[in-house]
Structures are given as structure tokens and as C-alpha cells.
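Asks: Next up is a structure, given as C-alpha cells.
The values are calculated or read from the model by the stated rules, or taken from the named source; none is laboratory data. Here the structure is a predicted model, which is why all the values come from computation and not from measurement. We place every Cβ from the backbone using ideal geometry, glycine too, and count neighbours over all the protein chains shown.
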Amino acid sequence: MTQIMLKGDPLYPKLLEAIGDAPKQLYYKGTWDERIFKNCLAVVGARRMTGYGKRVAEQVVQGVAQAGVTIVSGFMYGVDAAAHEAALQARGRTIAVMPCGIDRVHPAHQKKLYADIIDHGGLILSEFSGTMLPSSWTYPKRNRIVAGLSQATLVIEAGKKSGSLITAGFAKKYNRKLFAVPGPITNELSQGTN
């Protein structure tokens, strides 16, 4: 069932509220527990993730999630999905921030992951209601929430002009820590991180 959290509510995430352009409302699915927001790491990266990126995402995220850190990501295929899945495998918590309406699973083939996040104590968040389709302007709006919820952002594989670097830019703007996983200098998906 979809619920709503309004900016100004005592349970609204404090780190997110501190950014200048915090959403006025967050639609969500799952059980809202303010403890899920206490210690968050954003994990973002390439949609066309390599085997190296997948291994890094699994190893790093599982260790971090087991230590009690909530993994925040944007639910896209590639590094985002790998990060959510690794957090769940570690029996950790994860928050998926959607670039579309809260009632739309996007990408649609990740319905099981969407349900697993909710069923295992995580949250699905969006500033958009209903089944609104994602658009080119909704992805950066989503990325600011991913960075805004998190004390730090980790970029795993990113091209020179990728959405992951938009999230990294928001992390810098919000004075949050920023980490990047180095990759092979011959791989275009290492250009943004290197």
C-alpha cells in the first residue's frame, strides 16, 4: 500500500531535509522506520555493468550492509540492481528511489526485486505519485534524493557523461563524502570513476 511522508514531519529523513531542494513529499511502500535513514551509503554505477563491476558491487555492498549500513540506490538494472540485491543477500536494508511514480515498477522486469525490497524491511521511495512514466528530467531529480539521503556516495563504474556522475555531483554539492572504485584505464566505464 502506498503511503506519503511530508517534508516537515518529524519522521522525514533529516539529511534529505537539509538539502536545499528536498522533495515536499515522499511516496513510499514498505514500513517507514526512521532507523533505516540513520546510516546510509548511496551506491550507483553503470547500467551496462561489467563482470568486474558486478563482483565489486557484491563484495563491497555485502560487507557494508552486514555492518548495518543502509544501501540507497536508483533501482535501475546494472550496478543499482546489483547493490540492492547484495544488500538483501547480506540480510541488510536497502532503499530504492524510483525515477517514476511510486506504483510503477521501472524497469518492469525487476518486479521480484521490487517486492523483495519491501518484504525484507526496505523501502521503495518516489517523489512522484501513481504510475507516472519516467522521463529524462525525472532521473536527475531521483539522483538528488539518492545523494541527499546518504552520508556518502560510492560510484562503481561510470562513463564520462553518466547519470552516476550526476549523483556524485549532488553528493559534492551537499558536502557528503564521495568514493569511486578505480577500474581498468582501457575500459570506457572506468573513465568517470578514474
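Asks: For the stretch 142-160, enumerate the residues that are outside any strand (DSSP E or B) and either free of Cβ contacts under 8 Å to residues at least 12 places away in the same chain or within 12 Å of the chain's Cα centre (by Cα) (or both).
Replies: Within the stretch 142-160, the first condition is being outside any strand (DSSP E or B), and the residues that meet it are 142-151, 157-160.
Once the filter is applied, which keeps residues that are outside any strand (DSSP E or B) and either free of Cβ contacts under 8 Å to residues at least 12 places away in the same chain or within 12 Å of the chain's Cα centre (by Cα) (or both), the stretch 142-160 yields Arg142, Asn143, Arg144, Ile145, Val146, Ala147, Gly148, Leu149, Ser150.
Asks: Anything in the stretch 3-51 that is among the polar types (S, T, N, Q) and touching a residue at least 40 places away in the same chain (Cβ under 8 Å)? List them, or say none.
Replies: Within the stretch 3-51, the subset among the polar types (S, T, N, Q) is 3, 25, 31, 39, 50.
Selection gives Gln25, Thr31, Asn39, Thr50.
Asks: Now for a different question. How many residues does the stretch 1-52 hold that are among the polar types (S, T, N, Q), surrounded by 13 or more Cβ atoms within 10 Å (Cβ to Cβ) and more than 23 Å from Leu165 (Cα to Cα)? Show your work before the answer.
Replies: Our first condition is that a residue be among the polar types (S, T, N, Q); within the stretch 1-52, this holds for 2-3, 25, 31, 39, 50.
Add one more test, that the residue is surrounded by 13 or more Cβ atoms within 10 Å (Cβ to Cβ), and what stays is 2, 25, 39, 50.
Imposing the further condition that a residue be more than 23 Å from Leu165 (Cα to Cα) reduces the set to 2, 25.
Counting residues in the stretch 1-52 that are among the polar types (S, T, N, Q), surrounded by 13 or more Cβ atoms within 10 Å (Cβ to Cβ) and more than 23 Å from Leu165 (Cα to Cα) gives 2.
Asks: So, Ala87, is that one modelled with pLDDT of 95 or more, farther than 22 Å from Ser129 by Cβ and more than 15 Å from the chain's Cα centre (by Cα) or not? Can you show your working first?
Replies: Working: modelled with pLDDT of 95 or more: yes; farther than 22 Å from Ser129 by Cβ: yes; more than 15 Å from the chain's Cα centre (by Cα): no.
Taking the combined requirement at face value, the residue does not satisfy it.
Asks: Working only within the stretch 36-49, note down all residues that are in a loop (DSSP other than H, G, I, E, B) and out of contact with any helix residue (DSSP H, G or I) (no Cβ under 6 Å at 6 or more places or on another chain).
Replies: Keep residues of the stretch 36-49 that are in a loop (DSSP other than H, G, I, E, B), which gives 38-39, 46-49.
Correct list: Lys38, Asn39, Arg47, Arg48.
Asks: I would also like to ask the following. If a residue has to be surrounded by fewer than 24 Cβ atoms within 10 Å (Cβ to Cβ) and modelled with pLDDT of 85 or more to count, how many in the stretch 150-167 make the cut?
Replies: Start the filter on the stretch 150-167 by keeping residues that are surrounded by fewer than 24 Cβ atoms within 10 Å (Cβ to Cβ), which leaves 151-152, 155, 159-163, 165-166.
Narrowing further to those that are modelled with pLDDT of 85 or more: 151-152, 155, 165-166.
So the answer is 5.
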